[in-house]
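Here the structure is laid out as structure tokens; the discussion comes afterwards.
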Amino acid sequence: MQLWLGFAVLALVFWGITGVTQKLSTNAISSERSFLWFCWAMVALSAVVLLVARPHAGLATIVVVSSIAGGALNGLGAWTSFRALESGGKASIVISLISLYPLLTVLLAVIFLGERLTWLQTAGACLAIAAAILLSLEGPPKEA
Amino acid sequence: MTTTETPSTPTKSRLPAAWLLWSLATIVLWGTWGLVSKVASDGVDAYVNQLLYTVGLAPLMAFVGWTVWKRSPKESPTARKRGVFWAFLTGILGGLGNLAFFEALVKGGKASIVAPVTALFPMVTVLLAMIFLKERLGRVQWIGLALAFVAIYLLSM
């Protein structure tokens, strides 16, 4: 397995666990308060990260701006997803629709970064998006 | 915005539903995040990327903090303690996921492949929900799970 794939799968596992912990959190408190404490945890983690890594001078502006923009875009995306759910959208439809976001990343990466996918990888990307949508649909009710 | 109009309502808004607009905004924001993360990963390591990411999160955090303070929903102290614990854990795990995501990009993963692979995280969620929350998987979700494994295999080629 390529190293990058191993890390991508690791990210998938961590984020997958957050799907459960986030649900346990919003079962008890509002999504806004939950999001706020999610952010505080990010700050705490960054404080620990600061012990092992320090941003050095001479970073390219585009890199710094992209990185900071990443936090803003991802955070805002989480916030707009909460708003979508609170605005009356059915969870199964909203989450399935939102699952289409990698499609945009693929498109932007092809256009702006000149990335090219093989036919098999293109099929894989399409299957991944279809799988994410199917997985987001609500399952049958819990057994009593 | 929920529409509670009856079928006999003579005029119907031509504006798209608010939930649809918020959903589309989410796609644009998260879709673009994948792109900028790759651009950033070409110049910084995963740790510095996570630090700068948190800087980008700060203004939104201030805004959400203000709305929480203004609206302050009534929650019992026990529920609040429990909810905050899980939210904090979500943030730690989410941040670790970010580090792994950035590292995948630093190690040469293309944004156009890493984004679809990591977007498969609901496969872990549904499996854990089945084991720990006793939720049942429908046929559609089992198909989704199978497709997810095939997708990862194809994307790794």
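The values are calculated or read from the model by the stated rules, or taken from the named source; none is laboratory data. If you're wondering where the values come from, they're calculated on a predicted model, not measured in any experiment. Don't worry about glycine lacking a Cβ; one is built from the backbone with ideal geometry, like all the others, and counts go over all protein chains shown.
Out of all the residues in region B:86-104, is one or more modelled with pLDDT under 90 and part of a helix (DSSP H, G or I)?
Checked region B:86-104: no residue is modelled with pLDDT under 90 and part of a helix (DSSP H, G or I).
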When A:L117 is evaluated against the numbered criteria (1) without any contact (Cβ under 8 Å) to a residue 24 or more places away in the chain; (2) crowded, with 17+ Cβ neighbours inside 10 Å; (3) in a helix (DSSP H, G or I), which criterion, by number, is the only one it fails?
(3)
Test of understanding: among B:A148, B:A58, B:A62, B:A79, which residue is surrounded by 17 or more Cβ atoms within 10 Å (Cβ to Cβ) and modelled with pLDDT of 90 or more?
B:A148
Would you check if there is a residue in region B:109-125 being more than 7 Å from chain A (Cβ to nearest Cβ) and either under 25 Å from A:L3 (Cα atoms) or assigned to a helix (DSSP H, G or I) (or both)?
no
Here is a list: A:A78, A:A125. Which entry is touching a residue at least 12 places away in the same chain (Cβ under 8 Å), of a type in the set (A, V, I, L, M, F, W, C) and in contact with a Pro (Cβ under 9 Å, 6 or more places away or on another chain)?
A:A125
Restricting region A:85-96 to residues that are surrounded by fewer than 21 Cβ atoms within 10 Å (Cβ to Cβ) and part of a helix (DSSP H, G or I), the residue that is nearest to the chain's Cα centre (by Cα)
A:S96
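Kindly check whether there is at least one residue in region B:54-67 that is assigned to a loop (DSSP other than H, G, I, E, B), more than 18 Å from the chain's Cα centre (by Cα) and more than 7 Å from chain A (Cβ to nearest Cβ).
Scanning region B:54-67 turns up no residue that is assigned to a loop (DSSP other than H, G, I, E, B), more than 18 Å from the chain's Cα centre (by Cα) and more than 7 Å from chain A (Cβ to nearest Cβ).
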Looking only at region B:103-157, how many residues end up being under 15 Å from A:A11 (Cβ atoms) and either touching a Lys or Arg at 6+ places or on another chain (Cβ under 7 Å) or among the aromatic types (F, W, Y) (or both)?
3
How do the pairs read when you match residues in region B:53-67 that are more than 13 Å from A:L76 (Cβ to Cβ) with residues anywhere that are of a type in the set (V, I, T) and surrounded by fewer than 19 Cβ atoms within 10 Å (Cβ to Cβ), using Cβ under 7 Å and keeping only pairs 6 or more apart or on different chains?
B:T54/A:V43
Which one of these is touching an Asp or Glu at 6+ places or on another chain (Cβ under 8 Å), surrounded by fewer than 23 Cβ atoms within 10 Å (Cβ to Cβ) and either in a helix (DSSP H, G or I) or more than 7 Å from chain B (Cβ to nearest Cβ) (or both): A:F7, A:F14, A:F82?
A:F82
Taking region B:72-102 and keeping only residues that are more than 7 Å from chain A (Cβ to nearest Cβ) and closer than 19 Å to A:T26 by Cβ, one is left with B:S72, B:K74, B:S76, B:P77, B:T78, B:K81, B:F85
Those residues that are more than 18 Å from A:L137 (Cβ to Cβ) and either in contact (Cβ under 8 Å) with a residue 60 or more places away in the chain or more than 7 Å from every other protein chain (Cβ to nearest Cβ) (or both), I need them from region B:126-148; list them, please.
B:I131
Yes/no for A:L24 being facing chain B (nearest Cβ under 7 Å) and touching a Ser or Thr at 6+ places or on another chain (Cβ under 8 Å):
no
Cross-chain or 6+ apart pairs with Cβ under 7 Å, region A:98-109 first and at the interface with chain B (Cβ under 7 Å from one of its Cβ atoms), then buried (at least 24 other Cβ atoms within 10 Å of the Cβ) and among the basic types (K, R):
A:A109/B:K38
Only listed residue being modelled with pLDDT of 90 or more, surrounded by fewer than 19 Cβ atoms within 10 Å (Cβ to Cβ) and assigned to a helix (DSSP H, G or I), chosen from A:V106, A:V110
A:V110
